[in-house]
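Taking it in order: structure first as structure tokens, then the write-up.
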Amino acid sequence: MNLTKKLRRTILAIEVALIALLTPGIIVASDHDDGEVDIKGRAVNLTDLYVYREKDQNSGAADGDLVFTMNSNPRSVARYQYYFSTTAIYQFHITQVGDVNSTPTGRADIILRFAFSPPNNTGMQAVAVTVVRGGSETTTKTTVNGGLIATTPLNSNAVLNTVPVGGSNLTVFAGLREDPFFFDVEQFFRVRAAALGTGPRTAFKQPNQAVDFTKGYNVNTIAVRVPKAFLQAGSGANTFDVWSTVSIRDGVGGFKQFERLARPAINEGLIVTPAYLEAFNNIPPRLDLSGAAAPVRQEAVATLNAVDLLDGNDNVDPNAIAGAFLPDVMRIDTTKTSGYASATNARGSLIGGRMLMDDVIDITLGALVGSPVGDNVSYNGTPGNPAQGHKPLEPTFPYLALPN
């Protein structure tokens, strides 16, 4: 097996293990829901990050535009209005990458920040958009037409805000949408238990029986259409590293990072020890390879060796793991077609971003065993199986299906 293939399979193995390392009392998919506690309501709980070239979602879209989508508020039920936190800030962090094969720096060159007002009597929240770029910080609260940047209330037409920033126009949507993620979580737990010898022998269910645990749920969505030229800012970069965070007020006039998410299945799946999870959520990606984060890496290595998810009897190489998925960012090479497994770089890291309908579970499992395999759940579902299937994606921005 050549080094690139081995590194790629290592990262994919990790992502499966990250999902598998869940404590029994918490239902999780990617960073879909790492638990709700007194200080962590769902409104500040990140679920998934998607980054893609818009023309790969919509052939009629302008060439050069990218779409960033950050989802939060897992398990939002149908026909109920949910709001973004008014005491938090939601952020996309972007690094301009000169060499697609380089190790991510985990340092942001650009930050897109969103803050929300309390809802008015129609359920609309005003939005303040702050852009940090080139050492300067600009906050905008109005669209190109002078109106407030606003969320989309439940049962309303999508409010698409054209926001002028630094000579470019960003398109911003914020509101409730159907959760696009799909995964038969409970059966995965059973398959995992069988593999570990702690449960009866079993396999994934057939398509007509598999259950999608996110079916019928909504999420709070922030979607931004961004011209690539805005992200390049004269740098000429065609590759970008992206991650999302939520920060809450620290009690002394500032904000403290509280949640962090990039690739699916890295965050709370990787970190079994609660204290490690809290620490990981609180640090930026640039510290992922630091000495302080060594216990996290060691925990991943120990678990992977225990469950033996890699082929053969190879031990997991900690250096290969660190090189393949840390720092934890979502890398997108905009010269290539977007897709979670559409391309890898020389280090074996995935560099295609992530599309809304990418089957990250099947991609991961299939790459591990070298042949098609998965949980038999798809975005569109299986005809005759009412336990799976999402609404059709919308044909235009922000693309996610309308809320349940």
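Ranked by the mean number of other Cβ atoms within 10 Å per residue, highest first, peptides 51-58, 348-355, 204-211 order as 348-355, 51-58, 204-211. Using the Cβ of HIS93 as centre and a radius below 11 Å, the other residues enclosed give a net charge of +2, where K and R count +1 and D and E count -1.
Step through the table entries LYS256/LYS391; LYS228/LYS391; LYS205/LYS256; LYS55/LYS205, compare each Cα-Cα distance with 32 Å, and write down the pairs that go over it. Please report the intermediate quantities before stating the final value.
Working: LYS256/LYS391 36 Å; LYS228/LYS391 30 Å; LYS205/LYS256 42 Å; LYS55/LYS205 35 Å.
Long pairs (Cα-Cα over 32 Å): LYS256/LYS391; LYS205/LYS256; LYS55/LYS205.
Peptides 284-292, 247-255 ranked from most to least packed give 284-292, 247-255, packing being the mean of other C-beta atoms within 10 angstrom over each peptide's residues.
Distance from the Cα centroid of region 73-117 to that of region 383-397 is 25 Å (rounded to whole angstrom). The smallest convex shape that holds all Cα atoms of region 101-235, its convex hull, gives 210 Å³ per residue.
Any read-out appearing in this document is the output of simple, stated calculations on the displayed coordinates, not a laboratory observation. Nothing here was measured: the structure is a model prediction, and the numbers come from that model. No Cβ is skipped: glycine too gets one built from the backbone with ideal geometry, and neighbour counts run over all protein chains shown.
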